[in-house]
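Below: the structure, in structure tokens.
Coordinate-derived values only; no laboratory data. In this text the structure is predicted, and so the values were computed from the model without any measurement. A quick note on method: Cβ atoms are made from the backbone with ideal geometry, for glycine too, and the neighbour counts reach across all protein chains shown.
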Amino acid sequence: MARFKLQKKTLVYDGRIVRLVVSDGLIRGRKARWEVVHHIGSVGIIPFLTKDKVVLVEQFRYAVGERLLEIPAGTLHKGEAPLSAAKREIREEIGYAAGKFEKISIFYPSPGVTDEFVDIYKATGLRPSKLAADFDEDIKVKVVKLPDALRYIKEGKIKDAKTIIALLLVTGKR
């Protein structure tokens, strides 16, 4: 671990989902500044409709200005456990509950700028069980065969990191 000494922290922004903190300090005796987006965490779910078909969502992502094909996912609520969030999110986003959840992995999507973590779950035994979608979402549900999803990654049709990681992990591809 790098030797550093924190000198000052400044809260720049405190929003609904993230907080931006700028920290000044010393690392190995040199001045340094870290700009960190603090995030409560999120989940991603790979819902298996059948052994070879998964349910994905297509939605507009304002930050990149395009519609992306992704696994269902969402941000944790304050005090919410990741598994509880996963159960809520698949009902909100695709209208299914799962009989079984299996944790696949956890990762930091961009540790250079944020402390956000993403817990990834595989969901099986799906049955209809819809919850109301979030007010700011415009989601289209897509059923995709696993080989097609892997091909979409190679073709650049799936660009979302959590989706790529989840699909490659669940299929054992490297």
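Computed from label points 7 Å out along Cα-Cβ, the spacing between K103 and R127 is 2.5 nm. Sparsely packed loop sites in region 1-95 (the chymotrypsin sites (Phe, Trp or Tyr not before Pro) outside DSSP H, G, I, E and B with at most 11 other Cβ atoms within 10 Å) comprise Y62.
Percent of Cα-Cα pairs more than 27 Å apart in region 40-171, please. Here the tail beyond 27 Å accounts for 11 percent of pairs. Start at zero, step by 10 Å, and the Cα-Cα distances of region 52-106 spread as 20, 50, 28, 2 percent across the bins. Would you mind checking the pairs K78/K157; K51/K162; K5/K78; K51/K140 and listing those with alpha carbons more than 28 angstrom apart? Correct reply: K78/K157; K5/K78. Loop-located trypsin sites (Lys or Arg not before Pro) in region 1-86 (DSSP state not H, G, I, E or B) with no more than 10 neighbouring Cβ atoms inside 10 Å: R3, R16, R28, K51, K78. For the chain, averaging the sequence separation of C-alpha pairs within contact (under 8 Å, six or more residues apart) and dividing by the residue count gives a relative contact order of 22 percent.
Descending by average beta-carbon neighbour count within 10 Å, the peptides 125-132, 40-47 line up as 40-47, 125-132, the highest first.
For a straight C-alpha distance cut-off of 14 angstrom, the aspartates and glutamates reachable from K145 (same-chain residues fewer than eight places away being disregarded) are D52, E70. Taking every DSSP helix (H) stretch of at least 4 residues in the chain, weighting each as -39,500 (n - 2.57) and dividing the sum by the residue count yields a mean residue ellipticity at 222 nm of -6000 deg cm²/dmol.
For region 74-174, the list of chymotrypsin sites (Phe, Trp or Tyr not before Pro) that fall in a loop by DSSP and count at most 15 other C-beta atoms within 10 angstrom reads F135.
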